[in-house]
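Contents: one structure, followed by commentary.
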Amino acid sequence: MKQKTAMSFRSGCPINILLEILGDTWSLLIVRDMMFYGRCAYNEFLNAGEKIATNILSDRLQRLEAADIIEKRRDPNDARKFIYRLTARGIDLAPMLVEMILWSATHEKTDAPAKVIQAMASDRAAFIANIRENWQVASQS
C-alpha cells in the first residue's frame, strides 16, 4: 500500500490550502463527477463533457489521491482496471460544491437541471444528507 506523504503549503491560510489542493481547472470537476454523477472509472472521467486530456486526468487523479480526497482500488469486475471513490474527506466537500452550484445557477445560465437546483436551494441539509447516504451505500459495495 502506498504511504501518504504530508503536503506542504505556501501558507496556513485556509483559502490558500484549499486552492493548493483543489484550485486547478479539473480537480473539482472530477469530484463533481464522482459526487453527483457516480462516475468512478478513468474512462468515465475522460468522456465527461469537459474533454479533459489523458495526461491531465491522470495527474489530477494522482493529486486527489495524494490529498486523500479520493481513493483508488482495483475494479472487482476487471482486475486490470481501477475505480476511484471519494474518501470521507472528499465527501465533506459536498456542502461547498452545493453552494458553488447554487451561486453559479443564481448568477449565470447553467445546464444544471432546474429540479436539482430547486432541491438544493429549498433544503440544502436534506440534499447533502442524501449525497452522503448515497456515498455511504456505494462505499459498502
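The values are calculated or read from the model by the stated rules, or taken from the named source; none is laboratory data. Please read these numbers as outputs of a predicted model, since none were measured by experiment. Cβ coordinates were reconstructed from backbone atoms using ideal geometry, including for glycine residues, and neighbour counts include every protein chain displayed. Note: areas computed on protein heavy atoms with side chains; ligands, DNA, RNA excluded. Shrake-Rupley method; radii C 1.70, N 1.55, O 1.52, S 1.80 Å.
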Does Ile83 qualify as being within 18 Å of the chain's Cα centre (by Cα), outside any helix (DSSP H, G or I) and not aromatic (Phe, Trp, Tyr)?
yes
How do the pairs read when you match residues in the stretch 116-141 that are closer than 13 Å to Ala88 by Cα with residues anywhere that are open to solvent by 40 Å² or more (accessible area, probe 1.4 Å) and aromatic (Phe, Trp, Tyr), using Cβ under 9 Å and keeping only pairs 6 or more apart or on different chains?
Ile131/Phe36
If only one of Lys51, Lys72 is part of a strand (DSSP E or B), closer than 23 Å to Thr25 by Cβ and either within 17 Å of the chain's Cα centre (by Cα) or in contact (Cβ under 8 Å) with a residue 60 or more places away in the chain (or both), which one is it?
Lys72
Could you figure out which of (1) surrounded by 13 or more Cβ atoms within 10 Å (Cβ to Cβ); (2) under 23 Å from Ile117 (Cβ atoms) isn't true of Ile69?
(2)
What pairs come up if the first residue lies in the stretch 12-26 and is outside any loop (DSSP other than H, G, I, E, B), the second is modelled with pLDDT of 90 or more, and their beta carbons are under 6 Å apart, counting only those six or more places apart or on different chains?
Ile21/Ala67; Leu22/Leu28
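Tally up the residues in the stretch 77-94 that are open to solvent by 50 Å² or more (accessible area, probe 1.4 Å) and either of a type outside the set (Lys, Arg) or without any contact (Cβ under 8 Å) to a residue 40 or more places away in the chain (or both), please.
Looking only at that region, the number is 7.
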